[in-house]
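Worksheet: one structure, shown below.
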Amino acid sequence: MVTVLRQRMFVGLVAIMGVAVSGCDYWPPALQAQVEQLRSEVQTVNMEKAQLQNQVNDLSKAKQDLQTQVDDLSRINRDKTGMISSLQNQVEALRVKAVKAMAPKAPKAPAKPPVKAAAKSTAKPAAKAPVKKKATAR
């Protein structure tokens, strides 16, 4: 008898649980209002999330574009630095060449060795030759 009673109580409990879990469509109005408010907040948060994701994508693209510009400008800077260095070397070479060209030239040594003065004194002094003027460089 005790076993039958326990079996009936178990079947009753399972039946009550089945009805409670499966078919309760009644929601109190306060709970329905809270659920609707939470659904609205979730929808708003999802919209904000989508907007922020779009902003992140736009900023990532802008960052990539700016990085490309930085790389291009760095390459151009290296090229210009090389050109400046080359031009500085050329200017220095031209400056050295100009200094050498401006330096006074040493007078040329006479082709004949000087004659001793004693040997000339016996000879008649020759008439003075006209002096030639040096042409100035223009």
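The values are calculated or read from the model by the stated rules, or taken from the named source; none is laboratory data. Everything numeric in this text was worked out from a predicted model, so none of it was measured. Cβ placement follows ideal geometry from the backbone for every residue including glycine, while neighbour counts extend to all protein chains displayed.
So here's what we get for this one:
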| quantity | calculated |
| --- | --- |
| Candidates Q64, Q7, Q34 - the one that is assigned to a helix (DSSP H, G or I) and modelled with pLDDT of 95 or more | Q64 |
| Unmet requirement for K132, which otherwise passes all of (1) surrounded by fewer than 10 Cβ atoms within 10 Å (Cβ to Cβ); (2) modelled with pLDDT of 60 or more | (2) |
